[in-house]
Structure formats: structure tokens, C-alpha cells
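First comes the structure, then the notes that go with it.
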Amino acid sequence: MIFTSLSPNAETDDIVLAIKTFFSPRKWVTGSAAVSLENAFKNWLPIKHAFAFSCGRSCLLAILSSLNLNKEDEVLLQAYTCVAVPDPVIWAGVTPVYVDCEEQTFTMSPADLTRKITARSKVLIIQHTFGHPAEMDALLKLAKKHKLFVIEDCAHAMGARYKGKLVGSFGDAGFFSFGRDKVLSSIFGGVAVTNNSLLALKISRYQQSLPYPSRYWILKQLRHLPMTAVAKPMYEMFSFGKALLWLAYRLTLLSKAVEELEKQGRKPSFIDKKIPNALALLALHQFQKLERFNAHRRKITKIYNRELENSELVLPIEKKNIKPIYLRYTVRSNMATRIIREARQNHIELGDWYQTPVAPAGVNVRKVGYKPGSCPVAEKLCRQSINLPTHIHISENDAQTIINHLRRYR
Ligand SMILES: Cc1ncc(COP(=O)(O)O)c(C=O)c1O
């Protein structure tokens, strides 16, 4: 089976490291890895300040909580996003306001942003969807004009460049994620960054005040890589692997990427926590692979681009001066649901980010403040999106198998 999700970044050495750490309880909670991870970010981006947390959601919450926002303040963010973005806004006690997307890039539309800014707007979250940098010049110009504090959401975009510069250092602050399906992965984890020293002081105090996640939660994450590695080869063998993972989630031996209560705008217990040493170790180990992973993503993307050029699908465009990393290569079709369903019958699991303006399916839109119909382009993209995998385990042959499947739809 060809997978798009299910911890696609895990290589044998990552799985071995997870198992070794599982059997080294002294390394689970505290240690030097979190600081090393923060230093790695400072040098790489480069940026003055970096702070590691339990996940990207915790990073965003830490940044927002350090801004002295008031109850009536509004935070602008794009529709066609994960509930992981509006939830921290709600947890910080402020109001999310959704901005529509640009059809060609899945990122925020500067034209709709102009319409959505009000006197109450205080913060702008710019999401670099699928690793395609947003239209920074236009968005930053509007932010400056309306005195908005800019946070870059780089959860999909570690290594992507806009006009030669890495995303993450354009805004007043930014954050990255090491979620299971992200550019690099330690199952959970994230880093918040800023060049603003006053803000850094506040985030640092906030970080210091937080506890670590429980040992039980840390162990769940260390189990994740070995268990998915066992399940994947047997995924379709009498559905054995699939059943194994289903059972592991039911028995809470593994954590879901998004918990049910988050779909109602509520906060799960792993939020507002420091990154534990064990996950920082896994993230640091993956950090060395960033260039190789992203070069591979671009290589596979070139094959999709070339081979699907004359198909019925709408392909992503690469604007001048922009270097995306294609976390997922997202094509569009009015037959998206059928294509994804039939691909699965052909042993290909394609991605469905995002099927709803605030994903995943089942999010209570009222609770997260999304008004249906308010972002028509995002809603259209949700009906049309098909994510093709680009991760390190996708060979040229796999890409060709996917292309052959997609070419059947005329
Ligand atoms: C666009 C986007 N932003 C932010 C996040 C939050 O990252 P994390 O899962 O590490 O909390 C996610 C992932 O869930 C995401 O897809």
C-alpha cells in the first residue's frame, strides 16, 4: 500500500531511537535536548529566540497569551485550515475571524483580508499551506497599515522560501510543528520563534511556568513509531494492520493527532506543556534530515508536475520567487471524493486535507466561530482537494503508480 499519512517521515533509525528512548526512563522528561532543539532553530533560520513546546498548538497559545490581548480583540486567520489554529485563539480568550483563500495557492487572499479587517483586529496568522509560502509582500503591507501583530504558521512549511528567505522570520513571531504528518516529525512537538526580545521574555516566562506532559503521555508517543511500523506492512493483510491501529487508538495506547474535544473548541491536557526531553530527542534527530527530505519532496513534485500537466486535474502553481517544499502536492478535481475512494481500492491512500474549511470533519463550526458561506473559495477548495504524497518513502515508481491512477479520470 502507498501511504500519504501514518508517520511518513519515520526511517529505521528514528524507530530505533524511539525504542531506545522508551527503555531509558531517565531521558523521558528532562534533559538537554529541548535547549539543543531551540539552538538548532536559532542557527538554522536564523532567529534570535526559539522556544520548544509540546506541539504547534501550544506554541501558538504561548505567543497569543504573551500579547496582552483583550476579550473583544479579533485574530485573523485563513479558512481551509486545521482546528489546531482557531482553537488556541479561543483558548487565549479572543475571537477568530476567517479570511478566504487564493484558489491557486491555498493561502490567504490579501483581497479578502482587506474586507475582514475591523477596528478590533489585532493579530494576523499567516499560514503557509502545504509548504507554499503565502503572498507575504501584500499581507505584510496590510498588517503594517492596520498595525496587526503577525504570526507565521509554518506547521507545513519548514524550509520553504519566499524571495530567497526562509519562512518563519518574516512575521513578529512564528511557529513550527513536529506533528506526525508534518515536514519533520516527533509525533508531537513544536517550536515558537521571534526576533522581538520583549516578546521573547514573555514567552520565556510563559514556557518556564508550564509543567511537562505526564510520563504516561510521553510513553504513548514513544510507542507511536514502532507500532505504526509494525502495522503498515500488514495494513491490508486481512485488514490486520488497520485493526491493530484501530485497537491501539481505542485502548488509548496511542494518541490521536486531534482529540474529539478539540473539535468542540475545548483544550486537551497535552496543550500548554513544555516539550519533554524524549520528543525533543526525536525532533533533533529528524532535524538533520530536513534538507534531504525537502529535496526528495521537490524531486517527486517534479514528476507529478511533468506527468500530470496534460491531465484534467488542476495542478498547484509555483509563483515567481517562491520556493515551496510541498509537504503534500495538492491537486484539484470535481471528482476528488471518488478519486480518493477509488485510489484506496487500488492500494493507494491519498490525503484529504482539507475536506472542511476548519478540518477535520466533525468540527463544530459554531464553536470555532466559522460562518458557513463566509469563505466561498476555501469551501470550493475543500470539495476539490486531493493530496499526493511526496515524503521520503515515495519512490519514483510509487509516484508513477499514483499518476497512472489519476490519469484514468477524464
Ligand atoms: C496549518 C496547521 N497549523 C498548525 C497546526 C498545529 O500543529 P500541531 O499539530 O503541532 O499542534 C497544524 C497541525 O495540526 C496545522 O495543520
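Values in this text are rule-based calculations from the coordinates and carry no lab data. Quick caveat: nothing in here was measured; it's all calculated off a predicted structure. Methodologically, a virtual Cβ is constructed for each residue, glycine included, from the backbone with ideal geometry; neighbour enumeration extends over all protein chains shown.
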For segment 287-324 and segment 7-24, what is the separation of their C-alpha centers, rounded to whole Å? 28
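For the chain, what percent of Cα pairs sit more than 28 Å apart? Write out the running numbers ahead of the final one.
Numbers: 37223 of 83845 pairs.
Roughly 44 percent, rounded to a whole number.
If you average 1/r across every pair of different Cα atoms in segment 282-353 and take the reciprocal, what Kirkwood value do you get, in Å?
Working: mean 1/r = 0.0704 Å⁻¹.
Over segment 282-353, the inverse of the mean reciprocal pair distance is 14.2 Å.
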Under the Karplus relation 6.51 cos²θ - 1.76 cosθ + 1.60, θ = phi - 60°, what is the ordered set of whole-Hz ³J(HN,Hα) values for segment 254-260, x standing for Gly and Pro? 10, 9, 6, 5, 10, 7, 3
Karplus (6.51, -1.76, 1.60) ³J(HN,Hα), θ = phi - 60°, over segment 93-108, in Hz, Gly and Pro reported as x: x, 10, 10, x, 10, 8, 10, 6, 9, 8, 4, 7, 10, 6, 10, 4
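Which pairs break 20 Å Cα to Cα here: Lys144/Lys182; Lys220/Lys274; Lys71/Lys256; Lys144/Lys267? Let's see the in-between values first.
On the way: Lys144/Lys182 30 Å; Lys220/Lys274 16 Å; Lys71/Lys256 30 Å; Lys144/Lys267 32 Å.
Table pairs above 20 Å Cα-Cα are Lys144/Lys182; Lys71/Lys256; Lys144/Lys267.
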Highest-fluctuation residue, Leu198, Leu350, Leu139 considered, GNM on the chain with Cα pairs under 10 Å: Leu198
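Using the per-residue mean of other Cβ atoms lying within 10 Å as a proxy for protection, in what order, highest first, do the peptides 204-214, 264-274 fall? It would help to have the intermediate numbers written out before the result.
Numbers: 204-214: 15.1, 264-274: 17.9.
Listed from highest to lowest mean packing, they are 264-274, 204-214.
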Once amide H atoms are placed 1.01 Å from N in the peptide plane, what residues at a sequence separation of 5 or more from Gly369, or on another chain, have their amide H within under 5 Å of its amide H? none
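What pairs in Lys319/Lys371; Lys141/Lys273; Lys116/Lys320; Lys289/Lys380 have C-alpha atoms more than 32 Å from each other?
Values: Lys319/Lys371 30 Å; Lys141/Lys273 34 Å; Lys116/Lys320 27 Å; Lys289/Lys380 35 Å.
Lys141/Lys273; Lys289/Lys380, as the Cα separations exceed 32 Å there.
What net charge do the residues around Phe176 carry, taking every other residue with its C-beta under 15 Å from that of Phe176, with Lys and Arg at +1 and Asp and Glu at -1? Kindly include the intermediate steps, with their values, before the conclusion.
Values: positive: Lys42, Arg57, Arg161, Arg180, Lys182, Lys289; negative: Glu38, Glu152, Asp153, Asp181.
Local charge sum for Phe176: +2.
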Let a ≥ b ≥ c be the square roots of the eigenvalues of the Cα gyration tensor of segment 70-141; is it rounded (a/c under 1.5), or, if not, prolate (a/b larger than b/c) or oblate? oblate
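Need one word for segment 290-406: rounded, prolate or oblate. Basis is the Cα gyration tensor (sqrt eigenvalues a ≥ b ≥ c); a/c below 1.5 gives rounded, then a/b vs b/c decides. Present the calculation step by step, with values, prior to reporting the outcome.
Values: a/c = 1.84, a/b = 1.50, b/c = 1.23.
Prolate, since a/c reaches 1.5 and a/b exceeds b/c.
First measure r as the distance between the Cβ atoms of Arg115 and Gln264, then evaluate 1/(1 + (r/R0)^6) with R0 = 25 Å and state the FRET efficiency to the nearest 0.05. Numbers along the way, then the final one.
Values: r = 29 Å, r/R0 = 1.14.
About 0.30, to the nearest 0.05.
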If r is the Cβ-Cβ distance from Lys302 to Asn39 and R0 is 30 Å, what FRET efficiency results, to the nearest 0.05? 0.35
Listed residue (Phe41, Leu67, Leu77) projecting farthest to the positive dipole end of segment 1-146, Cβ model: Leu67
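Give the shape of segment 12-209 as rounded, prolate or oblate, defined through the alpha-carbon gyration tensor: a ≥ b ≥ c are the square roots of its eigenvalues, a/c under 1.5 means rounded, and otherwise the shape is prolate if a/b is larger than b/c and oblate if not.
Details: a/c = 1.91, a/b = 1.57, b/c = 1.21.
Prolate, since a/c reaches 1.5 and a/b exceeds b/c.
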What is the dipole size for the chain, taken about its Cα centre, with +1 at each Lys and Arg Cβ and -1 at each Asp and Glu Cβ, in debye to the nearest 20? 460
Anyone know which of Glu349, Glu396, Glu38 comes out most mobile in the 10 Å Cα GNM of the chain? Glu396
